[in-house]
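J.: Quick one: the structure is below, questions incoming.
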Amino acid sequence: MKRIIIPLFSLFLIGCGNDPLPKPKGFLRLEYSRPKYKKINLPLPFSYDQNNKAKPVASIKKENNGESYGINIEYPDLKGTIYLTYRKVKANNLDSLLRDAQNLTQKHTTKADEIQSNLYENPNKSVYGMFYEVGGNAASQSQFYVTDSINHFLSGSLYFYAKPNYDSIYPAAIYLKNDIRQIMESLEWKD
């Protein structure tokens, strides 16, 4: 009986050994302070609220005698920029502006896992548009456009200064998505 118990016990001890397993990599937990917004009233055909975390508008590029502007809102701590492009609506160019904004978003379908679109309307301020949230490893995580359909058209895109890796940039993308929504909701046209 001892002859059977000792080898069985030895097998039991050998069989219960834990193979060493590598520990999974830890991920940095990113938390951002609650945003504080201030009204930005620059020599532009519109005003909006901007997060205090953002660098003051990095550049305003005026083109075509004030009919179009390029505005960069930089977030150095988040390594991202929201690029805004303003164009004046002229006779028969609204369809072309809308198509261009929608096509820019659709270019990300090759890398995106999904693209969610949300309609935005604020009839009190004559602001109507669309917000796109792009999921996956696309170059831009959020895009939008707003217009009053008569005089003004503003589009925007969020880009990070890093190779797109959705898991890594997700917290910053969510934070800046909320800033884009604030821009849309606070936008006021100047006549």
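Just so it is clear, none of the values below were taken in a lab; they were calculated from the coordinates. Fair warning: this is a prediction, and the values are worked out from it, not measured in the lab. Because the Cβ atoms are built from the backbone with ideal geometry, glycine has one as well, and the counts that use them run over all protein chains shown.
J.: Using alpha carbons only, how many angstrom separate the centre of segment 158-191 from the centre of segment 63-83?
T.: When both Cα centres are located, 12 Å separates them.
J.: Using modelled backbone amide H atoms (1.01 Å from N, in-plane), which distant-in-sequence or interchain residues come within less than 5 Å of residue 127's amide H?
T.: 122
J.: Treat the count of other C-beta atoms within 10 Å as a stand-in for reagent exposure and order 127, 57 from fewest to most. Please report the intermediate quantities before stating the final value.
T.: Working: 127 21, 57 15.
Lowest to highest Cβ neighbour count: 57, 127.
J.: Between 71, 158, 123, whose Cα lies farthest towards the positive end of the dipole of segment 41-189 when Lys and Arg beta carbons carry +1 and Asp and Glu beta carbons carry -1, centred on the Cα centre?
T.: Ranked along the dipole, the leading option is 71.
J.: P(r) of segment 41-189 in 10 Å steps, Cα pairs, percent per bin?
T.: The calculated distribution, bin by bin, is 11, 43, 36, 10, 0.
J.: Apply the Karplus curve 6.51 cos²θ - 1.76 cosθ + 1.60, θ = phi - 60°, to the phi angles in segment 69-82 and return the couplings in whole Hz, x for Gly and Pro.
T.: 9, x, 10, 10, 10, 9, 10, x, 5, 9, 6, x, 9, 9
J.: Just to check I understand the Karplus step: with θ = phi - 60° and J = 6.51 cos²θ - 1.76 cosθ + 1.60, what whole-Hz values come out for segment 143-149, glycine and proline as x?
T.: Calculated HN-Hα couplings, in order: 9, 7, 8, 9, 7, 9, 6 Hz.
J.: State, to one decimal in nm, how far the label point of residue 37 lies from the label point of residue 114, with both points 7 Å from Cα in the Cβ direction.
T.: 2.6
J.: Multiply the residue gap between residue 100 and residue 79 by 0.36 nm, knock off their C-alpha separation, and tell me the result in nm, one decimal place.
T.: Numbers: separation 21, 0.36 × 21 = 7.56 nm, distance 2.63 nm.
Fully extending the segment from residue 100 to residue 79 adds 4.9 nm.
J.: Work out the length of the dipole vector of segment 41-189 about its Cα centre, built from +1 on the beta-carbon of each Lys and Arg and -1 on the beta-carbon of each Asp and Glu, and round it to the nearest 20 debye.
T.: 380
J.: Multiply the residue separation of residue 150 and residue 52 by 0.36 nm, subtract the distance between their alpha-carbon atoms, and state the gained length in nm to one decimal. Could you put the intermediate results ahead of the total?
T.: Values: separation 98, 0.36 × 98 = 35.28 nm, distance 3.13 nm.
Full extension from residue 150 to residue 52 adds 32.1 nm.
J.: Using 1/(1 + (r/R0)^6) with R0 = 41 angstrom and r between the beta carbons of residue 162 and residue 65, what's the FRET efficiency to the nearest 0.05? Walk me through the numbers on the way to the answer.
T.: On the way: r = 37 Å, r/R0 = 0.89.
Efficiency at R0 = 41 Å is approximately 0.65.
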